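What follows is calculated from the coordinates using simple rules that are stated; it is not laboratory data. Remember, it's a predicted structure, so these values are computed and weren't measured experimentally. As a convention, Cβ positions derive from the backbone with ideal geometry for all residues, glycine included, and neighbour counts pool all protein chains shown.
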Amino acid sequence: MENKVKGKLEEALAKKHLESVGIKIIEENYRYKRGEIDLIGISSNQLLVFIEVKYRKNDNFGNPEDFVSNRQKKNIIQTANAYIHQIHWKKDIRFDIISILVSDEAIIHLEDAR
């Protein structure tokens, strides 16, 4: 299966999970310059949540969340700042990671990921 198609399927799983825990998705694949944020949502306690979705077929080389590079983190922060400025957000924010292991059908939601 092509990577983009796999990515869309995994993002759909992540979106379903996030909505089940009270996060309303307001943006998908938001881009700014070189950065992209997979999902942006608002939690039930009014936090703006930026979500990176990572998936792997198995954990032979590590967990999916371990593959968020420092460069990618920097791009996500820059993109989040652009979005915050664009919508004039004045409340709190949070960065989450949704980690999906396809082999185990496991979804791990890491809130306030660093």
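Observations, loosely collected:
- Largest-first principal axis extents of the Cα set of region 3-110 (Å): 41, 30, 22
- Relative contact order of region 3-110, defined on C-alpha pairs under 8 angstrom at six or more residues apart (%): 26 percent
- Packing-based exposure ordering (other Cβ within 10 Å, fewest first) of Asp38, Asp92: Asp92, Asp38
- Counted charge near Asn81, where neighbours are those whose Cβ lies closer than 12 Å (Asp, Glu -1; Lys, Arg +1): +2
- Estimated vicinal HN-Hα couplings, Hz - region 75-92 in sequence order (Karplus 6.51, -1.76, 1.60; Gly, Pro = x): 5, 5, 5, 4, 5, 4, 4, 5, 5, 4, 5, 4, 9, 6, 6, 10, 9, 6
- Neighbourhood charge, 14 Å Cβ-Cβ cut-off, centred on Leu48 and excluding it, Lys, Arg +1 and Asp, Glu -1: -1
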